[in-house]
1. Applying a 10 Å radius around every beta-carbon, put 168-179, 42-53 in order of their mean neighbour count, most first.
2. Hey, for a label at residue 254 modelled as a point 7 Å past Cα toward Cβ, could you say which residues of region 77-99 have their backbone N under 17 Å away?
3. Using a simple spin-label model with points 7 Å from Cα along the Cα→Cβ vector, what separation in nm is obtained for residue 270 and residue 63?
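Here, each number is a calculation from the coordinates, and none is a lab measurement. If you're wondering where the values come from, they're calculated on a predicted model, not measured in any experiment. Virtual Cβ from ideal backbone geometry, glycine too; neighbours counted across all protein chains shown.
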């Protein structure tokens with residue numbers, strides 16, 4: 001009787017051991033049903049076929065072309081100009097109280113011919129020949145759908161900070177609805193040089209004197225086309241007598257930071273040398289005329 005009791009007591013233990021060992025054996029022999037994977041060869045084939053169909057679908061390209069089509073309409077330029085003047089930051093900078101330290105300019109080049117709001121006394125007039133030549137940002141891209149209206153620059157006479165408003169359209173896109181990264185780099189290159197030329201701490205007031213030695217660009221968010229971009233640039237340090245470090249940030253119309261950049265600019269004196277050479281050449285050409293008249 002005692003032996004029988006002991007045997008009965010051992011049975012549950014053995015059953016537990018058997019069940020545990022069976023649990024270990026079942027997965028090995030595929031007894032437990034496996035979960036079906038979502039990404040198998042069938043789903044991959046379906047997605048590949050759908051992607052290929054969308055990529056070669058003329059319907060999508062036609063709809064995108066219709067949506068981004070730009071016509072040369074004079075009213076569109078007036079509309080963009082009104083949109084710029086309605087920007088809250090723009091209104092703050094042109095206000096006689098909040099914007100008393102800011103000088104307003106228009107376009108990248110020919111600053112002596114694009115001064116707005118009677119700010120001539122705050123600027124150095126630039127008359128060298130190179131400022132009259134067509135440039136990428138003021139001639140080639142100055143068309144509807146690209147840079148349709150002249151960029152407006154605000155320069156702070158106290159802090160030497162510059163704030164630039166520039167509108168970029170669908171013609172400057174790399175990917176659909178997104179501005180090309182090369183255009184962003186071009187915009188930053190222009191604003192860095194313009195800030196250095198307007199700064200009171202630099203030695204030259206000519207933009208062509210400055211060369212960007214290195215630049216670091218961090219893209220924070222996609223730069224969607226057909227909007228005004230606000231570029232805030234300032235000098236942070238003078239590394240050498242003619243080497244300056246600047247930072248810049250590109251914001252959307254709503255103030256979201258899209259791009260951050262840092263660059264070092266060197267004053268090469270290239271523009272000043274070219275202006276001096278042109279001046280001496282014209283002097284040599286005109287001296288015989290003045291000499292014969294006396």
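1. 168-179, 42-53
2. Answer for region 77-99: 87-89.
3. Here the answer is 4.7 nm between the modelled labels.
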